[in-house]
1. Could you please give the count of residues in the range B:44-53 that are open to solvent by 10 Å² or more (accessible area, probe 1.4 Å) and more than 10 Å from every other protein chain (Cβ to nearest Cβ)?
2. Please find, within the range B:102-112, the residue that is farthest from the other protein chains (Cβ to nearest Cβ) out of those that are farther than 20 Å from B:Pro154 by Cα and open to solvent by less than 10 Å² (accessible area, probe 1.4 Å).
3. Can you list the helices (runs of 4 or more DSSP H) lying wholly within the range B:38-153 that have 3 or more residues being of a type outside the set (A, V, I, L, M) and more than 22 Å from A:Val137 (Cβ to Cβ)?
4. If I ask for residues that are in contact (Cβ under 8 Å) with a residue 24 or more places away in the chain and of a type outside the set (A, V, I, L, M, F, W, C), which ones from the range A:143-184 would you list?
5. I'd like the full set of residues that are assigned to a loop (DSSP other than H, G, I, E, B) and open to solvent by 10 Å² or more (accessible area, probe 1.4 Å), limited to the range B:1-33.
6. Of all residues in the range B:70-85 being of a type in the set (D, E, K, R) and buried (at least 17 other Cβ atoms within 10 Å of the Cβ), which is nearest to A:Arg96 (Cα to Cα)?
7. Answer with yes or no whether B:Ile114 is in contact with a Pro (Cβ under 9 Å, 6 or more places away or on another chain) and not basic (Lys, Arg).
2 protein chains.
Amino acid sequence: MKILLIGATGTLGTAVHKALGDRGHEVLTVGRGGGDLRYDITDPVQITELYDRAGRVDAVASAAGDVPYKPVTEMTPEDYLAAFRGKVLSQIDLVRQGVPHIAERGSFTVITGILAREPIPTGSAASMANGALEAFVRAAAIEIAPQRINAISPTVFTESLADYGDYFPGMASVDLADVAQAYVRSVEGAQTGQIYAP
Amino acid sequence: MKILLIGATGTLGTAVHKALGDRGHEVLTVGRGGGDLRYDITDPVQITELYDRAGRVDAVASAAGDVPYKPVTEMTPEDYLAAFRGKVLSQIDLVRQGVPHIAERGSFTVITGILAREPIPTGSAASMANGALEAFVRAAAIEIAPQRINAISPTVFTESLADYGDYFPGMASVDLADVAQAYVRSVEGAQTGQIYAP
């Protein structure tokens, strides 16, 4: 398949790129600062340009999303808006604008995360963003069929434990290679409206 | 208890007002166009003014939130932003700004809805907004304790079936009086981080 991979040069994106490439797919990498195509999906105009440039694809996979972390009483409306624009609206717009550009049975795969269901201190914006997207995935799935959409909602990466492990006490980690397989499952499988939680 | 009830003159708010009043609580009603205090919670400045005016309260209960309904392919980024501002950010800010104004073991109760888990066509912005808030409730609960926060996430109201029943085929409805009891449960009970789904 021809697959558009957004956030392709990040920690997760690199693993997803390898997994999809190993499966023989043609991966078009997209990033703000690196990749085959340089676009920022927090800008709807750049998403339009990205799809015009990429041509018809079979799948769109995203590994891109930024949210601020702060105690809830220190968050501002601007922080929640930044989380909404940086992870929710960006990926929703990737789907909304992508519908006419992907194959009849093509798929969208977006990134969320465990904080949707398992909160941690300072993570209220991340939880909010992940919960928003996962509910959107369930809703969009019933409207865009036979095109499909799923979310990947991983726990902390094993490879990131040195940096972030203290935020997830007693919670299992997941290898990036296993998270990447969840993308393979979403792209090559037939399910839709699912939240895969590797 | 002294309770601040936002959206008090709406269909749901009126039922919640009656239920809380029947339990002997002092209810300060808040609305954009009616109630004891006239404030619009989509404006953070008005939330600040509302808390300054209301003084210390034991509980804050919200029955206010607006989102647009359209097919996902007809939604614009502005529509999702309107849903975010109209239902998510408004209620999050009510909590964030409310923390210093409510009792040590006071509570926040926000309104979400069944579309968080059971999508319907044209409801992607509503699903997104409800999912966002429910994840926020779980996250905020662990930070603001011993203050509490819960969400009320009802199905379609029995009293609204004539207008909206066709959007919820085969789904059970709930009487407004039973939804109002979920607010009583949240306000008078001791649980936090819960999603009550009457």
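1. Number of matching residues: 6.
2. B:Gly106
3. B:44-54, B:90-98
4. Listed by number, the residues that qualify are A:Pro146, A:Gln147, A:Arg148, A:Asn150, A:Ser153, A:Pro154, A:Thr155, A:Glu159, A:Ser160, A:Tyr167, A:Gln181, A:Tyr183.
5. Passing the criteria: B:Met1, B:Gly7, B:Thr9, B:Gly10, B:Arg23, B:Gly24, B:His25, B:Arg32, B:Gly33.
6. Result: B:Asp79.
7. yes
Results for (1) buried (at least 23 other Cβ atoms within 10 Å of the Cβ); (2) more than 8 Å from chain B (Cβ to nearest Cβ), shown as yes or no for each residue.
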| position | (1), (2) |
| --- | --- |
| A:Ile92 | yes, no |
| A:Ile114 | no, yes |
| A:Ala141 | no, no |
| A:Val174 | no, yes |
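The values are calculated or read from the model by the stated rules, or taken from the named source; none is laboratory data. Keep in mind that what you see is a predicted model, and the values were worked out from it rather than measured. Here Cβ is always computed from backbone atoms with ideal geometry, including for glycine, and neighbour counts include all displayed protein chains. Heavy atoms of the whole protein, side chains included, go into the accessibility calculation; ligands, DNA and RNA do not. Shrake-Rupley method; radii C 1.70, N 1.55, O 1.52, S 1.80 Å.
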